[in-house]
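What follows is a set of notes on a single structure, which appears directly below.
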Amino acid sequence: MKQQELEALFQEKFEHNNYRLFFAPGRINLIGEHTDYNGGHVFPCAITFGTYALASKRDDKLIRLYSVNFPEEGLIQLHLDNLQYDPKHSWTNYPKGMIRFLREGGYEIETGLDILVYGNIPNGAGLSSSASIELVTGVAVQELLNLAIDRVELVKIGQKVENHFIGVNSGIMDQFAIGMGKKGFGMLLNCQTLSFEYAPIDLNNYHIIIMNTNKRRELADSKYNKRKSECECALKKLQEHVNIASLGELTEELFNSYQNVIEDEGIRRRAKHVVYENCRTIKALKELKNGNLYTFGELMNDSHRSLRDDYEVTGKELDALVEAVWQQKGVIGARMTGAGFGGCAIAIVKSDQVDQFIMDVGSLYKEKIGYEATFYVAHIGDGAREITGEELV
Ligand code: GLA
């Protein structure tokens, strides 16, 4: 959608056009899945799909919200002093939670806002549209009200909204990638300490392809929370024998020598995934730095297998996609990305084979699953920010 069209809608809904434009990206995770809430490492990057917000400050305490993506919800009007979670308020719970927790965090927010939101992240695709709305709201509030908010603090408030307002016990990866993203770079983040480093993603004549299973992610949140508690259970058992604060502190060797203290075979496999995935993620950065793209791709493939067999969060749609990719020529590696249970996978594919790749993987997927997958070329973009001047929607 063009900025002029958004501007016209803003004018229609709010009867003025005195807005500023903000953007927060979505994210993909190259490797390091379900490690963030276990004190491990992740390696995500921000993409150029994301959420735009046209926003302005009001003189009263009303917050008026409209989403181009959910026109059926209409214009929702809230009061700054009454920001409660309400399941009927669908998407607006994200900006609502963000403003509420910023206020509770001591930031001075005494005037309301008009906000029109438009997102071009495919819906429910697991590319973090929710964290993107949280962060675009946060940046808009920060800039419009001139608040000094440290970026990592804003990221943490986004996670808090997810955990304590929405009720998903997610880790910090999505908000961090979206808040701290940098064009052309991935970030290796230690989720225990939040220390991180940017790593250039130089793929030469390869592209990252995002593949959407188009599977609806029903019940995903409850299964996600279940995995998290299974990991907590594994950690408790291990802590009776080893002095660790999180699964992310274990090496593969240490895990192997203690794994039998976890009696439940399923829970043992969950922990194994976390420990091995964390080690793979650290190795992946090293391989990338040394220009060993093929080894990096192998680690991606191992990651998918581990998420499929040990963590059990892939499902037949993601497996059908990734396994179809593994049969193709010109592919470095492929894996699911994000929480799983549907959503998206990514593949690193030779640039001049992308069209053929999409046709072949697309038809194998449709044959097996019965409906189409959707493919996008990923571009690694900057994190959440105000957009001024030349950079149009
Ligand atoms: C979701 C969560 C993240 C992370 C991933 C799995 O995207 O929001 O915190 O746990 O799943 O790696």
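Some observations on this one:
- Take 350-361, 109-120, 136-147 and order them by the average number of nearby Cβ atoms within 10 Å per residue, most first; the result is 136-147, 109-120, 350-361.
- Nearest-ten-degree value, helix 265-289 long axis tilted from longest Cα axis of the chain: 80 degrees
- Neighbourhood net charge (13 Å Cβ-Cβ; Lys/Arg +1, Asp/Glu -1) for TYR118: 0
- Cα principal axis extents for the chain, largest first, Å: 62, 52, 39
- Sorting 334-345, 263-274, 94-105, 192-203 by their mean Cβ neighbour count within 10 Å, with the most densely packed peptide first, gives 334-345, 94-105, 263-274, 192-203.
- Highest mobility in the GNM of the chain, judged by mean-square fluctuation with C-alpha springs under 10 Å and restricted to GLU134, GLU153, GLU162, is found for GLU153.
- Per-atom-type breakdown for region 202-378 gives carbon and sulfur 47% of the accessible area (1.4 Å probe, protein chains only).
- The angle separating the long axis of helix 293-309 from the principal Cα axis of greatest extent in the chain is about 90 degrees.
- Protection proxy ranking, peptides 176-184, 315-323, 67-75, average beta carbon neighbours within 10 Å, highest first: 176-184, 315-323, 67-75
- Charge tally around GLY266: other residues with Cβ under 15 Å, Lys/Arg +1 each, Asp/Glu -1 each, net +2.
- Net charge contributed by nearby residues that have their C-beta within less than 13 Å of LYS182 (K/R +1, D/E -1): +2
- Residue-normalised accessible area of the chain, expressed per residue, 1.4 Å probe, Å²: 42 Å²
- Angle in degrees between helix 220-239 and the longest Cα principal axis of the chain, rounded to the nearest 10: 50 degrees
- Full extension of the chain between ARG216 and ASN243 yields a length gain of 5.7 nm, computed as 0.36 nm times the residue separation minus the alpha carbon distance.
- For region 202-378, projected area of the alpha-carbon convex hull averaged over all directions, nm²: 10.6 nm²
- Over the chain, relative contact order from alpha-carbon pairs under 8 Å, at least 6 apart, %: 24 percent
- Pairwise label distance in nanometres, GLU15 with LEU145, each label 7 Å out on the Cα-Cβ vector: 2.5 nm
- Take THR48: with every protein chain present and a 1.4 Å probe, its accessible area is about 70 Å².
- Solvent-accessible surface of protein heavy atoms, probed at 1.4 angstrom with all chains present, puts PHE296, PHE49 in the order PHE49, PHE296, largest first.
- Estimated 222 nm signal from helices in the chain, with DSSP H stretches of n ≥ 4 weighted -39500 (n - 2.57), rounded to 500: -13000 deg cm²/dmol
- For LYS182, the residues whose modelled amide H falls within less than 5 Å of its own, excluding neighbours fewer than 5 places apart on the same chain, are ALA46, GLY383.
The values are calculated or read from the model by the stated rules, or taken from the named source; none is laboratory data. Computed from a prediction, not measured in an experiment: that's the story for all the values here. Because the Cβ atoms are built from the backbone with ideal geometry, glycine has one as well, and the counts that use them run over all protein chains shown. Ligands, DNA and RNA are excluded from the accessible area calculation, which covers all protein heavy atoms including side chains. Shrake-Rupley method; radii C 1.70, N 1.55, O 1.52, S 1.80 Å.
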